[in-house]
Amino acid sequence: RELASMRFERREGVPLPIDNISITSGSMQALELVLGTLINPGDTVLTEEYTYSGTLGIMRHFKANIEGVSMDYIDGMDMDALASKLKELKAKNIRPSLIYTTSNHQNPTGAILSLERRKRMLALAEEYDTVIVEDDCYGDIDFTSTPTPASLFKLDTANRVIFIATFSKILGAGVRQGYFVARQPYYGQIHQNRWDGGTSALASAIVAEFFMEHLEVHLVKTNAAVGAKCRAVTDTLEKHVSDICTWTRPRGGLFLWIDLPETTDMGKLQQLASAKGVGYSNGSAFHYANEPVKAIRLAYAYCHVDDVPEGITYLCEAIREAQSDTAKVAAGD
């Protein structure tokens with residue numbers, strides 16, 4: 001918990017109160033505990049139009065009615081759209097249980113919720129009497145020297161935000177060390193739903209010992225390595241498919257989103273890419289209503305940087321081959 005507080009102070013300038021921090025087995029357990037406390041079957045929850053599939057799965061497990069809010073790939077959730085959605089729900093006498101957002105380096109798009117939008121989200125949460133669940137599990141993976149905006153949790157003055165983060169993304173997925181931060185009464189309510197007896201003290205001690213001594217150096221090395229891989233992806237995309245595709249240009253995080261031509265045969269693309277040994281996630285998996293989407297998400301962190309150009313070149317070839325015959329004729333292929 002001291003490490004979590006130190007991490008927050010390093011980025012936000014103020015420490016977290018130790019008594020409001022609860023260590024969990026990864027951020028997904030934290031998210032499951034928080035959502036399980038806030039959601040009753042049939043409750044409405046709001047989230048970005050595109051959201052991590054695991055988060056959507058937890059919401060569906062608790063039988064939530066998921067409403068997606070439009071977003072852009074740079075500044076995150078659209079606050080005008082959020083305001084309209086909240087107003088529409090209020091007219092139906094529906095108060096959402098929560099607004100969920102990944103504020104930094106959003107999965108799957110890489111968007112960073114702007115400071116202006118963070119402030120307005122807080123105001124809307126207060127106006128419509130709901131809670132914000134801020135998931136900052138990717139916040140430490142940042143390739144630039146420009147700091148991300150102050151967290152919603154730091155900006156919150158009305159006890160409207162529950163904060164979730166993890167150490168797993170910067171040390172390794174197998175570490176499974178996350179945490180949530182909540183003020184009362186939410187902290188106590190969440191703990192009433194916890195039955196696992198607590199997180200491994202040994203695992204927590206190992207992580208704390210490593211990071212207390214090596215956190216800053218490790219972050220510099222990790223971010224440099226992951227950033228180089230991301231640039232290798234975007235450079236190769238630019239070389240091969242800039243005429244038919246658009247994509248996000250993350251300044252951090254682990255993922256990149258590619259919008260494909262409407263003429264793309266998604267089934268054929270999957271088959272071709274798989275045959276070339278290239279894996280990706282279909283965009284529909286991240287749509288709040290699981291609707292078909294002509295987009296894919298790439299995860300670039302676990303590849304060796306020298307292998308990226310070859311793999312992405314194969315993907316680009318597959319994208320071109322997966323276009324409909326009509327599109328190929330129009331392009332002169």
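Computed from the coordinates by the stated procedures, all read-outs in this text should not be read as laboratory data. Given the structure is predicted, the values throughout are model-derived calculations rather than measurements. Every residue, glycine among them, receives a Cβ derived from its backbone with ideal geometry; neighbour counts consider all protein chains shown.
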Quiz item: How far, in degrees from 0 to 90, does helix 115-127 lean away from the longest principal axis of the Cα atoms of the chain, to the nearest 10?
Solution: 50 degrees
Exercise. Of the DSSP beta bridges with both residues in the chain, give the percent that are antiparallel, rounding to the nearest 5.
Key: 60 percent
Quiz item: Expressed as an acute angle from 0 to 90° and rounded to the nearest 10, what is the orientation of the C-alpha long axis of helix 266-275 relative to the principal long axis of the chain?
Solution: 80 degrees
Quiz item: What value, in deg cm²/dmol to 500, does the helix sum -39500 (n - 2.57) over DSSP H runs of n ≥ 4 give at 222 nm once divided by the residues of the chain?
Solution: -13500 deg cm²/dmol
Quiz item: Could you give the angle, 0 to 90 degrees to the nearest 10, between helix 27-38's Cα long axis and the longest principal axis of the Cα atoms of the chain?
Solution: 60 degrees
Exercise. Find which of VAL233, ALA275, PHE8 sits farthest along the positive direction of the dipole of the chain, computed with +1 on the beta-carbon of Lys and Arg, -1 on that of Asp and Glu, about the Cα centre.
Key: PHE8
Exercise. Of the listed pairs LYS119/LYS154; LYS154/LYS221; LYS229/LYS294, which have alpha-carbon separations greater than 20 Å here?
Key: LYS154/LYS221; LYS229/LYS294
Quiz item: To the nearest µm²/s, what D does Stokes-Einstein give for region 2-200 at 25 °C and 0.890 mPa s, using the Kirkwood radius over alpha carbon pairs as Rh?
Solution: 146 µm²/s
Quiz item: Size of the dipole of the chain about the Cα centre, Lys and Arg at +1 and Asp and Glu at -1 on the beta carbon, nothing else charged, in debye to 20?
Solution: 520 debye
Quiz prompt | Alpha-carbon Debye profile of the chain, log10 I(q)/I(0) at 0.13 Å⁻¹ | solution = -1.01
Self-check item: Burial order of peptide ranges 257-267, 243-253, 26-36 (average beta-carbon count within 10 Å, highest first)
Solution: 26-36, 243-253, 257-267
